[in-house]
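Structure first, commentary second.
The values are calculated or read from the model by the stated rules, or taken from the named source; none is laboratory data. Owing to the predicted nature of the structure, the values given are computational and were not obtained by experimental measurement. We place every Cβ from the backbone using ideal geometry, glycine too, and count neighbours over all the protein chains shown.
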Amino acid sequence: MRKFLLICLIVLCTFSCSSDSDSNSSSTPVSRLNTSGAYGNRLYFFTYDDSNRISSVNCSASVSKTYAFTYDGNVISTMTVTAGSSIKTFIFTYADNKLVSFKEGGVDYPVSYNAENDIYSFRYGNQSAVFNYNAQGDLANRDGRMYFYDASKNGAIKSVRPNYYIVGLLADDVWLYAVTKNPMSAMDIPGGVQRDFESTYEEGEITKLVITEDGNPFITADYEY
């Protein structure tokens with residue numbers, strides 16, 4: 001559960017700092033995502049509010065999960081993650097539009113930011129993360145893992161105003177790969193592991209993503225709008 005939640009947090013930091021960059025995009029955000037492979041079979045349903053922000057996501061898997069968000073403008077104020085009987089609410093605090101801390105279970109967790117290198121870091125429980133993001137608001141580096149994107153194409157949430165890779169860092173690994181502003185094209189992992197991403201499009205929208213790791217199947221994702 002802690003890894004699941006850790007992946008969500010990085011997503012928050014990214015969208016908090018780059019939330020307006022894609023607000024004029026005309027692409028339609030994903031409404032349904034079906035994934036299979038390394039993390040098992042998962043089916044996600046997305047709902048949005050009138051300000052083009054994700055209001056909730058329901059995920060059906062071995063343990064069903066629900067993500068619910070509240071906002072202050074285009075940054076996330078709270079994220080409530082429900083998994084079975086477990087309910088965790090994260091409360092986020094910002095300064096100059098950058099995430100500086102979050103609270104969960106009555107405990108404050110500071111988030112440090114190195115302006116010179118544009119790097120965030122935090123510790124949640126016994127885990128920590130160091131990361132930064134690119135100009136489009138997608139995750140660029142996480143603990144030495146390098147992420148690459150095709151900036152000429154629309155990702156699943158290109159038109160959504162905030163950015164949600166904090167969900168991928170605190171709560172759900174699949175978000176890091178499949179729910180992005182621009183589609184991921186490759187990923188380099190320390191130790192020489194290479195993940196390649198092949199996306200299929202219809203009328204400018206991503207409809208399928210196939211990820212391989214060193215040439216072997218890793219994750220397949222199918223999108224509906």
* Structure fact -> Screening F131, F122, F102 for residues that are within 26 Å of S199 (Cβ to Cβ) and either acidic (D, E) or in contact with a strand residue (DSSP E or B) (Cβ under 6 Å, 6 or more places away or on another chain) (or both) leaves only F131
* Y164: of a type in the set (S, T, Y) and touching a helix residue (DSSP H, G or I) at 6+ places or on another chain (Cβ under 6 Å), yes or no? -> yes
* To do: Taking Y120 as the residue in question, decide whether it is aromatic (F, W, Y) and in contact (Cβ under 8 Å) with a residue 24 or more places away in the chain.
  => yes
* Structure fact -> Within segment 90-122, residues surrounded by fewer than 13 Cβ atoms within 10 Å (Cβ to Cβ) and among the hydroxyl-bearing types (S, T, Y) come out as S112
* Asked: Quick check, is T180 among the hydroxyl-bearing types (S, T, Y) and assigned to a strand (DSSP E or B)?
  -> no
* (1) assigned to a strand (DSSP E or B); (2) surrounded by fewer than 16 Cβ atoms within 10 Å (Cβ to Cβ): which one isn't true of A151, the others all being true? -> (1)
* Would you say V174 is hydrophobic (A, V, I, L, M, F, W, C), on the phi < 0 side of the Ramachandran plot and part of a helix (DSSP H, G or I)? -> yes
* Structure fact -> Checked against (1) buried (at least 22 other Cβ atoms within 10 Å of the Cβ); (2) touching a residue at least 24 places away in the same chain (Cβ under 8 Å), S159 satisfies every condition except (1)
* Asked: Looking at T220, T180, which is the one that is crowded, with 24+ Cβ neighbours inside 10 Å and either touching a Phe, Trp or Tyr at 6+ places or on another chain (Cβ under 6 Å) or hydroxyl-bearing (S, T, Y) (or both)?
  -> T180
* Output the residue which, of all residues in segment 113-139 that are outside any strand (DSSP E or B) and aliphatic (A, V, I, L, M), is nearest to the chain's Cα centre (by Cα). => A135
* Asked: Taking the stated definitions as given, is T14 surrounded by 21 or more Cβ atoms within 10 Å (Cβ to Cβ), at pLDDT 95 or above and touching a helix residue (DSSP H, G or I) at 6+ places or on another chain (Cβ under 8 Å)?
  -> no
* Has segment 162-179 got at least one residue that is at pLDDT 95 or above and either within 15 Å of the chain's Cα centre (by Cα) or of a type in the set (F, W, Y) (or both)? -> no
* List every residue pair whose Cβ atoms lie under 6 Å apart, where the two residues are 6 or more positions apart in sequence or sit on different chains, the first residue falls within segment 180-207 and is over 10 Å from D150 (Cβ atoms) and modelled with pLDDT of 95 or more, and the second residue, located anywhere, is part of a strand (DSSP E or B) and of a type in the set (A, V, I, L, M, F, W, C). => D188/M146; R195/M187; R195/I211; D196/A186; E198/V210
